[in-house]
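The values are calculated or read from the model by the stated rules, or taken from the named source; none is laboratory data. Fair warning: this is a prediction, and the values are worked out from it, not measured in the lab. Cβ: placed from backbone, ideal geometry, glycine included. Neighbour counts: every protein chain shown.
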Amino acid sequence: MGNVEQLSSKVHELEHRLVENHVEVREVKEDVRELRRLLELYFSTKERSPEGAATNNNRHPDRAKGSGERQNDTPTTAVIPKYSHLEFPSYSGSGDPLGWLYHCEQFFRNQRTEEKDKVSLAAFHLTDEAQLWFYRVEQEEPDLSWDQFKSYCLLWFGPPLTSNPLGELINLKQTGTVVEYQRQF
């Protein structure tokens, strides 16, 4: 009979623990929902605001003084990347930089990179000849914008005018009929 009472006692204890675990799981789920809501609010605010994310706690009613949360008086400007596993492409200066610049733009868009950080991030991933080129450019123009960087990069490393279709069109001499000329293009 003692074994039955011990088993019954253990079953009641396990039932009690199970109820406690269910309550804790419910609380964790509520916390996760609240965090998800706050993240959605943060990113929707960032997408609507030209300056980016909120820079102080006054924009968030949930963070008002006295809410029990630790207050931070310093502005928050850090951005949580949407896809943190993306790798930034590198460029050595060989070949047409157009594809590399396109990948940079994709990276910036996906990581929500601020305009002021684009040139330094791209320059960090330059290697070989491209790195030397940027060093010279930076000496002459230390506050280079991203658009200027792209233009200079395309001018310096891009294909010469004669190696693209427009260059071929410019250098084309009419040797046949107009119909033959149209067939080529």
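Based on this model, can you work out whether E129 counts as modelled with pLDDT of 85 or more, exposed (fewer than 13 other Cβ atoms within 10 Å of the Cβ) and in contact with a Ser or Thr (Cβ under 9 Å, 6 or more places away or on another chain)?
Considered against the rule, which asks whether it is modelled with pLDDT of 85 or more, exposed (fewer than 13 other Cβ atoms within 10 Å of the Cβ) and in contact with a Ser or Thr (Cβ under 9 Å, 6 or more places away or on another chain), E129 comes out as no.
Quick check on this structure: which one of Y42, Y91, Y102 is at pLDDT 60 or above, surrounded by 11 or more Cβ atoms within 10 Å (Cβ to Cβ) and in contact with a helix residue (DSSP H, G or I) (Cβ under 7 Å, 6 or more places away or on another chain)?
After ruling out the rest, the residue left standing is Y91.
Go through segment 121-144 and give me each residue that's charged (D, E, K, R) and in a helix (DSSP H, G or I).
D128, E129, R136, E138, E140
Considering (1) modelled with pLDDT of 60 or more; (2) outside the structural domain of W133 (by TED's automatic domain parsing); (3) part of a helix (DSSP H, G or I), say which one H85 fails and leave the rest.
Unmet for H85, out of (1) modelled with pLDDT of 60 or more; (2) outside the structural domain of W133 (by TED's automatic domain parsing); (3) part of a helix (DSSP H, G or I): (3).
Is there a residue in segment 15-24 that is closer than 29 Å to E114 by Cβ and either at pLDDT below 80 or among the polar types (S, T, N, Q) (or both)?
no
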